[in-house]
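Visitor: This is the structure I have questions about; it appears just below.
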Ligand code: VAH
């Protein structure tokens with residue numbers, strides 16, 4: 001059975017629904033600190049869980065016969081800079097709790113997301129390679145890089161089948177993002193429909209690696225379904241969907257909403273974005289397990305606006 005930790009988050013909701021479709025509703029136990037997300041209600045078992053409570057997590061794993069864990073709970077980049085020690089503590093201790101229980105209980109597989117945030121200003125900005133200089137300048141990036149090292153350690157030392165992806169910024173409409181620097185790319189669609197204008201907290205030419213959630217969920221499942229012998233990276237795979245700037249995404253929106261306008265008021269998140277790559281080389285993921293994105297900016301924009309209109313009752 002699968003346990004999803006952080007099941008009510010931006011990734012968690014969609015990953016839980018996808019896993020339930022694949023493996024059966026009752027074979028996927030959803031858990032979070034928060035109360036159950038509306039989209040999860042009635043789709044399968046839900047438990048309240050604080051992943052920082054190792055004993056509680058251990059009891060839950062045994063009681064529900066868990067054999068795989070997807071750990072999605074984390075403090076993201078922007079929130080992390082407001083409370084660095086808390087972000088470090090939560091991002092690291094949650095992972096160590098899961099890895100150690102995986103060792104004690106002999107769990108089959110573990111999934112834990114890393115991020116392109118592991119790269120810092122000294123990494124190549126364009127087509128950032130899988131292996132390169134990695135000096136993150138945010139606590140979120142530091143915790144994700146350290147977490148990658150722990151994943152590789154538990155794999156090499158104890159044979160734990162833990163797998164990870166360096167997600168780009170993720171865009172989705174089902175569940176809100178949680179305190180990231182790339183959240184502008186989600187907010188902009190909502191504001192375009194509701195206000196017809198958006199005040200962007202990044203400057204117009206801030207290029208960042210991004211991905212539509214449909215591609216991110218498929219990548220996660222394809223990685224986890226791949227035969228173990230194909231996995232050559234036990235830290236975290238670079239993963240790329242597309243790259244765009246606020247200027248480009250607003251032009252894509254104007255294809256559908258011609259009167260949409262955007263203004264720019266960069267804040268503290270600009271410095272975080274400036275430290276990250278503009279585009280990612282994910283050729284190792286393509287080579288090892290056949291990764292190929294399906295959504296570009298135009299296709300994502302059409303799908304986002306179509307679904308958000310439905311959600312908001314806008315014709
Ligand atoms: C963040 N959405 O902004 C996350 C992601 C690459 C960005 O890690 O913090």
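The values are calculated or read from the model by the stated rules, or taken from the named source; none is laboratory data. These numbers come from a predicted model, not from an experiment. Every residue, glycine as well, gets a Cβ built from its backbone with ideal geometry; the counts of neighbours run over all protein chains shown.
Visitor: Identify all residues within region 248-273 that are touching a helix residue (DSSP H, G or I) at 6+ places or on another chain (Cβ under 8 Å) and assigned to a loop (DSSP other than H, G, I, E, B); write none if there are none.
Guide: Of everything in region 248-273, those that are touching a helix residue (DSSP H, G or I) at 6+ places or on another chain (Cβ under 8 Å) and assigned to a loop (DSSP other than H, G, I, E, B) turn out to be 255, 256, 257, 260, 268.
Visitor: Any residue in region 170-189 that is within 15 Å of residue 15 (Cβ to Cβ) sitting within a Cβ distance under 6 Å of a residue that is more than 8 Å from the ligand (Cβ to nearest atom) and in a loop (DSSP other than H, G, I, E, B)? List the pairs, counting only those 6 or more apart or interchain.
Guide: Within 6 Å, the pairs are 178/9.
Visitor: Those residues that are in a loop (DSSP other than H, G, I, E, B), within 27 Å of residue 121 (Cα to Cα) and out of contact with any strand residue (DSSP E or B) (no Cβ under 6 Å at 6 or more places or on another chain), I need them from region 282-291; list them, please.
Guide: As a first pass, look at region 282-291 and keep what is in a loop (DSSP other than H, G, I, E, B): 282, 290-291.
Still in the running and within 27 Å of residue 121 (Cα to Cα): 282, 291.
291, the sole residue that qualifies.
Visitor: Being surrounded by fewer than 16 Cβ atoms within 10 Å (Cβ to Cβ) and on the phi < 0 side of the Ramachandran plot: is that true of residue 196 here? Full working, then the answer.
Guide: Numbers: surrounded by fewer than 16 Cβ atoms within 10 Å (Cβ to Cβ): yes; on the phi < 0 side of the Ramachandran plot: no.
Taking the combined requirement at face value, the residue does not satisfy it.
Visitor: Spot the failing condition for residue 82; the list is (1) under 19 Å from the mean Cα position of the chain (by Cα); (2) at pLDDT 95 or above; (3) within 15 Å of the ligand (Cβ to nearest atom), and only one is missed.
Guide: Status for residue 82: all satisfied but (1).
Visitor: Of the residues in region 111-146, how many are more than 12 Å from residue 236 (Cβ to Cβ), assigned to a helix (DSSP H, G or I) and more than 9 Å from the ligand (Cβ to nearest atom)?
Guide: 3
Visitor: Follow-up. Suppose the filter is within 20 Å of residue 72 (Cβ to Cβ) and modelled with pLDDT of 95 or more; does residue 271 pass it?
Guide: Numbers: within 20 Å of residue 72 (Cβ to Cβ): no; modelled with pLDDT of 95 or more: yes.
No; evaluated as a whole, the condition is false for this residue.
Visitor: A further question on this structure: What's the total number of residues in region 156-186 that are within 20 Å of residue 278 (Cα to Cα), more than 8 Å from the ligand (Cβ to nearest atom) and assigned to a helix (DSSP H, G or I)?
Guide: The qualifying residues number 3.
Visitor: Give me a count of the residues in region 1-53 that are closer than 28 Å to residue 185 by Cα, surrounded by 24 or more Cβ atoms within 10 Å (Cβ to Cβ) and more than 16 Å from the chain's Cα centre (by Cα).
Guide: Of the residues in region 1-53, 2 are closer than 28 Å to residue 185 by Cα, surrounded by 24 or more Cβ atoms within 10 Å (Cβ to Cβ) and more than 16 Å from the chain's Cα centre (by Cα).
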